[in-house]
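Visitor: Have a look at the structure that comes next, please.
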Amino acid sequence: MGTVRLSADEFRSRLRERGFGWDPVSFYHFTPLGESADGSYVYRSSPFADRQVHVVLFVQRPECIDVYAHEEYNWLRHPRKHAAEENIDRVGGVSAVREWFDETDVPYDRRDRIRRTVDHVVQRARRYVNDRAAAHPGRLPVVRHVLSTVTEGKGRSKS
């Protein structure tokens, strides 16, 4: 659904202020590249509400948190439907969370799943190159420059 531009602690605090609670059941969420979640929170209008909004956090770096959201059956009221992932509404969950972000000035960047996946690949490649460059100083300055240009958006034509 997008990337939040806050520290993880600040964003978690805002989630709690808005009524979201930590979700102990959700430990199986991963990015398309296999990175595990750094937090999972749900919002319910009441403890046994029929549905809940589920937000999953993936901290990429300080003040850069990829957020995924969906609406689903409340696992407290409908454990089987929840476990079977019946009627998950990604559009409804994303809409609800974006509306909250807009109302409360949560700084975020809307990006589609393809863009987030590409960014994850570039980030991993950049970490790999930086680790190699640290181990072998002076051998990879050109590759590091190209990766920094791609990840910072330089060199892209403006259309």
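The numbers here are math on the coordinates, done by the rules we state, and not lab data. Keep in mind that this is a model prediction, so the values were computed, not measured. Glycine gets a Cβ as well: all are built from the backbone with ideal geometry, and neighbour counts include every protein chain shown.
Visitor: What ranking of Y128, Y28 emerges when the number of other C-beta atoms within 10 Å of each C-beta is taken as an exposure proxy, fewest first?
Guide: Exposure proxy ranking, most exposed first: Y28, Y128.
Visitor: Residue-wise, which Karplus ³J(HN,Hα) couplings in Hz belong to segment 39-49, taking 6.51 cos²θ - 1.76 cosθ + 1.60, θ = phi - 60°, and x for glycine or proline?
Guide: Values per residue, Gly and Pro as x: x, 9, 9, 10, 10, 10, 5, 7, x, 10, 4 Hz.
Visitor: Still on this structure, I have one more. Taking the Cα centre of segment 2-109 as the origin, how large is its charge dipole in debye, to the nearest 20, when only Lys and Arg (+1) and Asp and Glu (-1) carry charge on their Cβ atoms?
Guide: Value, rounded to 20: 340 debye.
Visitor: Tell me whether segment 1-90 comes out rounded, prolate or oblate; compute the Cα gyration tensor, take square roots of the eigenvalues as a ≥ b ≥ c, and use a/c under 1.5 as the rounded threshold.
Guide: oblate
Visitor: Further, regarding this structure: Segment 91-127 to segment 29-81: how many Å between their Cα centroids?
Guide: 14 Å
Visitor: If you don't mind, another one. Search the structure for amide H atoms under 5 Å from the amide H of C64, placed 1.01 Å from N in the peptide plane, and list their residues when 5 or more places away or on another chain.
Guide: Long-range HN contacts for C64: L6.
Visitor: Could I ask something else about it? Calculate one ³J(HN,Hα) per residue across segment 77-86 by plugging θ = phi - 60° into the Karplus curve 6.51 cos²θ - 1.76 cosθ + 1.60, and present them in order as whole Hz with x for glycine and proline.
Guide: Karplus values, whole Hz, x for Gly and Pro: 9, 10, x, 5, 4, 5, 4, 7, 6, 6.
Visitor: Quick one: which residues, 5+ away or cross-chain, put their amide H under 5 Å from the amide H of D38? H built at 1.01 Å from N.
Guide: Amide H neighbours of D38, under 5 Å, 5+ apart: L57, F58, V59.
Visitor: Once you order the gyration tensor axes a ≥ b ≥ c over the Cα atoms, which shape class does segment 32-141 get: rounded for a/c under 1.5, otherwise prolate or oblate by comparing a/b with b/c? Show your work: numbers first, answer last.
Guide: Values: a/c = 3.08, a/b = 2.21, b/c = 1.39.
The shape class here is prolate.
Visitor: Ok, one more. Residue by residue, what Karplus-based ³J(HN,Hα) values in Hz, rounded to whole numbers, does segment 66-75 have, using 6.51, -1.76 and 1.60 with θ = phi - 60° and x for Gly and Pro?
Guide: Karplus-based 3J(HN,Hα) across segment 66-75 equals 6, 10, 10, 9, 7, 9, 8, 5, 5, 5 Hz.
Visitor: Then there is this: Take T104, T117, T3 and order them by how many other Cβ atoms sit within 10 Å, fewest up front.
Guide: T104, T117, T3
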